[in-house]
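S.K.: Quick one: structure below, then a few questions.
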Amino acid sequence: MYSPQVLDHFEHPRNAGVLESPDASAQVENPVCGDVLKLSAKLTDGRIAELKFLAQGCVPAIACASALTELLIGKSLQEARAVKREDLVRKLVRLPEASAHASHLAMDALAALLINFKK
């Protein structure tokens with residue numbers, strides 16, 4: 001059973017879409033289930049001003065991507081690096097153990113995005 005927060009982020013995803021001319025982007029895929037997550041971001045004054053996602057996957061994958069964007073917008077890159085998987089799960093209140101892969105995918109996408117800011 002999904003929490004109301006997971007269902008809300010799935011049914012009404014925040015920040016879905018793509019950014020034109022992002023400062024960084026990253027795409028990751030879970031080879032086991034096939035879920036795919038792409039993040040693209042723009043910085044303003046050293047902070048994540050815009051962050052969009054495209055996701056193909058299960059309910060928790062989309063919910064995790066949506067919630068992650070809310071956690072990150074407005075943060076500096078240093079603050080974004082400090083965001084943990086537990087912060088994401090806490091924002092969604094509860095994520096079934098069988099759906100933990102979705103939070104790992106979101107965090108993998110974040111890690112790849114942060115690396116790409118340096119390039």
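Matching residues to (1) over 17 Å from residue 39 (Cα atoms); (2) aliphatic (A, V, I, L, M); (3) part of a loop (DSSP other than H, G, I, E, B); (4) open to solvent by 10 Å² or more (accessible area, probe 1.4 Å):
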residue: 52; (1), (2), (3), (4): no, no, no, yes
residue: 60; (1), (2), (3), (4): no, no, no, no
residue: 69; (1), (2), (3), (4): no, no, no, no
residue: 74; (1), (2), (3), (4): no, no, yes, yes
residue: 80; (1), (2), (3), (4): no, yes, no, no
residue: 104; (1), (2), (3), (4): no, no, no, yes
residue: 115; (1), (2), (3), (4): no, yes, no, yes
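S.K.: Looking at the stretch 37-51, is at least one residue of a type in the set (Asp, Glu), at pLDDT 95 or above and farther than 18 Å from residue 118 by Cα?
M.R.: No - not one qualifying residue is present in the stretch 37-51.
S.K.: Could we say that residue 3 is in contact (Cβ under 8 Å) with a residue 60 or more places away in the chain, touching a Ser or Thr at 6+ places or on another chain (Cβ under 6 Å) and open to solvent by less than 70 Å² (accessible area, probe 1.4 Å) here?
M.R.: It is false that residue 3 is in contact (Cβ under 8 Å) with a residue 60 or more places away in the chain, touching a Ser or Thr at 6+ places or on another chain (Cβ under 6 Å) and open to solvent by less than 70 Å² (accessible area, probe 1.4 Å).
S.K.: All but one of (1) open to solvent by 30 Å² or more (accessible area, probe 1.4 Å); (2) in contact (Cβ under 8 Å) with a residue 24 or more places away in the chain hold for residue 41; which doesn't?
M.R.: (1)
S.K.: Evaluate the stretch 88-96: report whether one residue or more is of a type in the set (A, V, I, L, M) and either open to solvent by less than 10 Å² (accessible area, probe 1.4 Å) or part of a strand (DSSP E or B) (or both).
M.R.: Checking the stretch 88-96: at least one residue is of a type in the set (A, V, I, L, M) and either open to solvent by less than 10 Å² (accessible area, probe 1.4 Å) or part of a strand (DSSP E or B) (or both).
The values are calculated or read from the model by the stated rules, or taken from the named source; none is laboratory data. Since we're looking at a predicted model, the values are computed, not measured. All Cβ positions, even for glycine, are placed from backbone atoms using ideal geometry, and neighbour counts span all protein chains on display. What goes into the accessible areas is simple: the full protein's heavy atoms, side chains included, and nothing from ligands, DNA or RNA. Shrake-Rupley method; radii C 1.70, N 1.55, O 1.52, S 1.80 Å.
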